[in-house]
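What follows is a set of notes on a single structure, which appears directly below.
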Amino acid sequence: MSTEQWISEQRTLLKLKAETLAVAEQKKYGYRFVSNSLEFVAIGKALQGAELDEFKASAANVIAAFPAAGADAASRKTYHSALSTYKGMLLKRHKIVPEGYYLAIWMPLGIAIGLPYGILFKNLAIGVALGPAIGLMIGGFLNANAKKKGLIIPTD
């Protein structure tokens, strides 16, 4: 089976499960991210051999665990665990991240960096304002850089 056929089959399976969910739930479960990542990674990164097999296994695991409407807490937990492993694999092996990834990482870190400065200057408002600015600046720069290099999976 060709990679294109495999992608088509996996997207069909995922779409059948996602159709039972409301749009807000689809977004919560990262439906677009998983769907877009199939073609983006397998074809866009021209994976071959063992690398392609590992990606296919990981993606198939996430799609198999994707919860349908009315899923119980255990199913949702299993899915989120599989999705976390999948995202980790994409980040470590291929340096690929979802949109907004670096902002989500650097905003809290910026706050953690800014608060000590606010305490140092005996004006917590400075730290509270400085922290998010630092996080926004660094996270925005890293997101823009990753987008320019083609390492961000679009989530439409």
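The values are calculated or read from the model by the stated rules, or taken from the named source; none is laboratory data. Note that the coordinates shown come from a computational prediction; the quantities given were computed from them, not determined experimentally. In this analysis, Cβ positions are derived from the backbone assuming ideal geometry, glycine residues included, and neighbour counts consider all displayed protein chains.
Selection of segment 19-40 for residues being out of contact with any strand residue (DSSP E or B) (no Cβ under 7 Å at 6 or more places or on another chain) and under 15 Å from SER8 (Cβ atoms) yields VAL34, SER35, LEU38, GLU39.
Restricted to segment 46-127, the set of helices (runs of 4 or more DSSP H) holding at least 3 residues that are among the charged types (D, E, K, R) and either under 30 Å from SER2 (Cβ atoms) or at pLDDT below 90 (or both) comprises 49-65, 73-94. Scanning segment 12-43 for residues that are buried (at least 16 other Cβ atoms within 10 Å of the Cβ) and in a loop (DSSP other than H, G, I, E, B) returns LEU21, TYR29, GLY30. Summed over segment 1-11, residues that are more than 20 Å from MET89 (Cα to Cα), part of a helix (DSSP H, G or I) and not acidic (Asp, Glu) total 2. Out of everything in segment 44-56 that is surrounded by 14 or more Cβ atoms within 10 Å (Cβ to Cβ) and charged (D, E, K, R), what residue ends up being nearest to ILE153 (Cα to Cα)? Checked segment 44-56; the qualifying residue nearest to ILE153 (Cα to Cα) is LYS45.
When segment 117-156 is examined, which residues are found to be under 17 Å from the mean Cα position of the chain (by Cα) and surrounded by fewer than 16 Cβ atoms within 10 Å (Cβ to Cβ)?
Within segment 117-156, GLY140, ALA144, ASN145, LYS147, LYS149, GLY150, PRO154, ASP156 qualify.
So is ALA59 without any contact (Cβ under 8 Å) to a residue 40 or more places away in the chain and of a type in the set (Gly, Ala, Ser) or not? It is false that ALA59 is without any contact (Cβ under 8 Å) to a residue 40 or more places away in the chain and of a type in the set (Gly, Ala, Ser).
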